[in-house]
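Some notes on the structure that comes next.
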Amino acid sequence: MPQITAIKETKKGRLALFLDGEFAFSLDEETFAAADLHVEDELDAWQLEELRRKSDTRKAIDRALDILALRDHAAGELYQKLCRKFDPHSAAAAVAKAEELGLLNDESYARRRAAELLRKRKSRREIAADLNAKGIDRDTAAAVLDELLAAPEDGEGDSPELAAAVALIEKSYARKLAEGKRPQVMAALARRGFPHGVIREAVDRFAGEADGGES
């Protein structure tokens, strides 16, 4: 049965356990105190595994808080990042802790992320794909996009997706339209996920405005 032969504090404030003269792993202060460990204690294999699991979970929680201090994340996105360094159990526990602390809200995150992408002239399909890659479930993404891309209730003004398509033409495809390359511009917008009706109206709108400006 392995025996604790030394306990040393690390530079990061953790407690390093040495078993039979060799470093085994380190524990955070809370886990160490709860385990009531002392030099010369002997530990069963299951006890060691439990301590390792608690240690990894604490590390995952600390890492999750560091990640969230930099920017907001969806729960699924945070879990995926944590799984790069930790086992699924520790990653899930860290996500649950972040949710308990009120640091994760997928709907609010999806709303902010979608609005940011719309400002960058992304189509609904592109935004939905991005949200899905961030771990937002399809129902939440669809509800957020329905709200964000809804046409004005009074019927006046463009829908947000049409406005994005027109702005994208102005930024990237105005010259091609001026050169008569309408099919190429429509194909480019289609590749970016804009629906056909939006593409046709955006191209017609832009072409009409351009013609009006020259007269």
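Points worth noting:
- With contacts taken as Cα pairs under 8 Å and at least 6 residues apart, the chain reaches a relative contact order of 13 percent.
- Axis of helix 196-214 versus longest Cα principal axis of the chain: the two differ by about 50°, to the nearest ten degrees.
- Positive-pole candidate from Ser172, Ser26, Ala94, dipole of the chain, charges at beta carbon: Ser172
- Take the chain and mark each of the GluC sites (Glu not before Pro) that is in a DSSP loop with at most 15 other Cβ atoms within 10 Å; the longest unmarked stretch, sites excluded, is 41-152.
- Option label - Rg/Rh (Cα atoms, Kirkwood Rh) computed here, alternatives [x] 1.05; [y] 1.27; [z] 0.95: [y]
- Solvent exposure of segment 75-166 as accessible area per residue, Å², 1.4 Å probe: 55 Å²
- Segment 66-215, accessible surface, carbon-and-sulfur percent (1.4 angstrom probe): 48 percent
- Degrees between helix 124-133 axis and first principal axis of the chain (Cα, 0 to 90, nearest 10): 10 degrees
- Taken about its Cα centre, the chain carries a charge dipole of roughly 1320 debye when the Cβ of each Lys and Arg holds +1 and the Cβ of each Asp and Glu holds -1.
- Within the chain, longest stretch clear of exposed trypsin sites (Lys or Arg not before Pro) (DSSP loop, no more than 10 other Cβ within 10 Å): 85-215
- Computed per residue of the chain from DSSP H runs no shorter than four, each worth -39500 (n - 2.57), the mean residue ellipticity at 222 nm is -19000 deg cm²/dmol.
- Lysine-lysine proximity count for the chain, Cα under 13 Å, sequence distance 8 or more or distinct chains: 6
The values are calculated or read from the model by the stated rules, or taken from the named source; none is laboratory data. Small disclaimer: the values here were computed from a predicted structure and weren't measured. Don't worry about glycine lacking a Cβ; one is built from the backbone with ideal geometry, like all the others, and counts go over all protein chains shown. Heavy atoms of the whole protein, side chains included, go into the accessibility calculation; ligands, DNA and RNA do not. Shrake-Rupley method; radii C 1.70, N 1.55, O 1.52, S 1.80 Å.
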